[in-house]
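First comes the structure, then the notes that go with it.
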Amino acid sequence: MQQRFVVQSTSAQNEPKSDPRTERWLSIDEAARLLGIGQSTLRRWSDAGLVPVYRTAGGHRRYREADLLAVLKSEARPRRRLSRKALTDLSYSLYQSQLLAQVTTRPWYARYRPEHLAELRTLGRQLLDLTFRIVNRAVDRASLVRAGRALGHRYGEVSAAAGLSPAETVEAFLAFRVPTYVALAQFAEREEIPTRRVLRVLSELTMLLDEVLLATVQALSSSVASDEAAS
């Protein structure tokens, strides 16, 4: 039975030029599966005028298959910017609820003095800010590496001042980076971020954290060598 489209969303101001009787129209469930996203995400995109949507006389959403295929072909799918606050809140929550109870039992944690821990928290926030910039493509690779290595250098100096060994410093770094990965994965799942984009972000984040870790170990080694030479 033919459907009559009498109401359109704000994403289209005029009647479609093609004849609805010869087009293939999809329900919201079918359209969401074609785009590889959830229905709630498709509703948001439609309401924002990012994906063309039409309504039947009964008020049901219908999507023209040709419109959706054009979106897929052009890779012009709307990208939801990740919220700095959401990412920070998730990381902090994970740190407080899971990580803190684990790391405080490690011998190396007790060697960090209060002023060390305060600075490490500041460095952690700066590293999280770099993560946010990666996600939203707000920094080029060279700048990212320079900023990451600067943070890593200070991580190494603080760990050396606390008397941590290279192995303990690496263990501390690996422990403190966990919430960032987990928060990013949870946020991507909650907001239905496309898998390809998540993989790209994780790849770039891993590259950054590797640079931070290398700079951390190098700074620690230099600090230890300087102390030995001075004694």
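Scanning the stretch 184-199 turns up at least one residue that is in the same structural domain as LEU128 (by TED's automatic domain parsing), of a type in the set (Gly, Ala, Ser) and within 29 Å of TYR109 (Cβ to Cβ).
Does LEU50 count as within 24 Å of the chain's Cα centre (by Cα), buried (at least 16 other Cβ atoms within 10 Å of the Cβ), under 25 Å from ARG197 (Cβ atoms) and at pLDDT below 65? Answer is no for this residue. For the stretch 160-190, the set of residues classified as surrounded by 15 or more Cβ atoms within 10 Å (Cβ to Cβ) and outside any helix (DSSP H, G or I) consists of ALA162, LEU164, listed by residue number. If I ask for residues that are of a type in the set (S, T, N, Q) and free of Cβ contacts under 8 Å to residues at least 24 places away in the same chain, which ones from the stretch 114-132 would you list? Of everything in the stretch 114-132, just one residue is of a type in the set (S, T, N, Q) and free of Cβ contacts under 8 Å to residues at least 24 places away in the same chain, namely THR122.
Residue count for the stretch 88-120, restricted to those that are at pLDDT below 90 and either exposed (fewer than 12 other Cβ atoms within 10 Å of the Cβ) or outside the structural domain of PRO166 (by TED's automatic domain parsing) (or both): 6. Of all residues assigned to the stretch 134-148, at least one qualifies as being surrounded by fewer than 18 Cβ atoms within 10 Å (Cβ to Cβ) and modelled with pLDDT of 90 or more. Taking (1) farther than 17 Å from ARG125 by Cβ; (2) surrounded by 17 or more Cβ atoms within 10 Å (Cβ to Cβ); (3) within 12 Å of the chain's Cα centre (by Cα); (4) of a type in the set (Gly, Ala, Ser) in turn, SER203 satisfies each apart from (2).
The values are calculated or read from the model by the stated rules, or taken from the named source; none is laboratory data. A quick note: this is a predicted structure, and the numbers were derived from the prediction, not measured. With ideal geometry, Cβ positions are generated from the backbone for all residues, glycine too; neighbour counts draw on all protein chains shown.
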